[in-house]
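Here is the structure we will look at, set down as structure tokens.
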Amino acid sequence: MKIVLSMMRQLTAAVLACAAALLVAPPAAAGPQTDQYDPQTTQYLAQLRAAGIGYASPDTTIQIGNLICDSFRKQTPYPRMTDILMKKTNLSVEQAQTVIANATTYLCPEVVIT
């Protein structure tokens, strides 16, 4: 149990570190170059832009999405993940939920959110 808690803390810390980079830039008119990514990842980024959620780096934003997926695979509760994103960024509840919804829809649709 201690190992699992330690791993969850490490993963949460990684999400927190990466989440600080989210929403640091307003969405660009054309958006960052995303054509080097697979279609699901490109759609994840496009949906965030369409929702008005800007990001400075597509790679960091993808990493955040993947960390969200990993956290849910480790059974992090949805309210906790929302809280983490809100505390470490200037995301509103709605924006944090949008990031989570798009991450789980496009990057890890197999994940069951608790």
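The values are calculated or read from the model by the stated rules, or taken from the named source; none is laboratory data. As the structure is a computational prediction, the values presented were derived from the model and not from experiment. Here Cβ is always computed from backbone atoms with ideal geometry, including for glycine, and neighbour counts include all displayed protein chains.
Contact list please: Cβ distance under 8 Å, first residue in the range 41-59 and without any contact (Cβ under 8 Å) to a residue 40 or more places away in the chain and within 13 Å of residue 99 (Cα to Cα), second residue in a helix (DSSP H, G or I) and among the hydroxyl-bearing types (Ser, Thr, Tyr), pairs at least six apart or on different chains.
Between residues of the range 41-59 that are without any contact (Cβ under 8 Å) to a residue 40 or more places away in the chain and within 13 Å of residue 99 (Cα to Cα) and residues that are in a helix (DSSP H, G or I) and among the hydroxyl-bearing types (Ser, Thr, Tyr), the close pairs are 45/61; 55/61.
Identify all residues within the range 63-79 that are touching a residue at least 60 places away in the same chain (Cβ under 8 Å) and surrounded by fewer than 16 Cβ atoms within 10 Å (Cβ to Cβ); write none if there are none.
74
Show the residue pairs that are 6+ apart or on different chains and have beta-carbon atoms under 6 Å apart, the first residue being within the range 95-111 and more than 10 Å from residue 82 (Cβ to Cβ) and aromatic (Phe, Trp, Tyr), the second being at pLDDT 95 or above and surrounded by fewer than 20 Cβ atoms within 10 Å (Cβ to Cβ).
What qualifies is 106/40; 106/43.
Looking at the structure I just gave you, is residue 89 buried (at least 19 other Cβ atoms within 10 Å of the Cβ) and modelled with pLDDT under 95?
Yes, satisfied.
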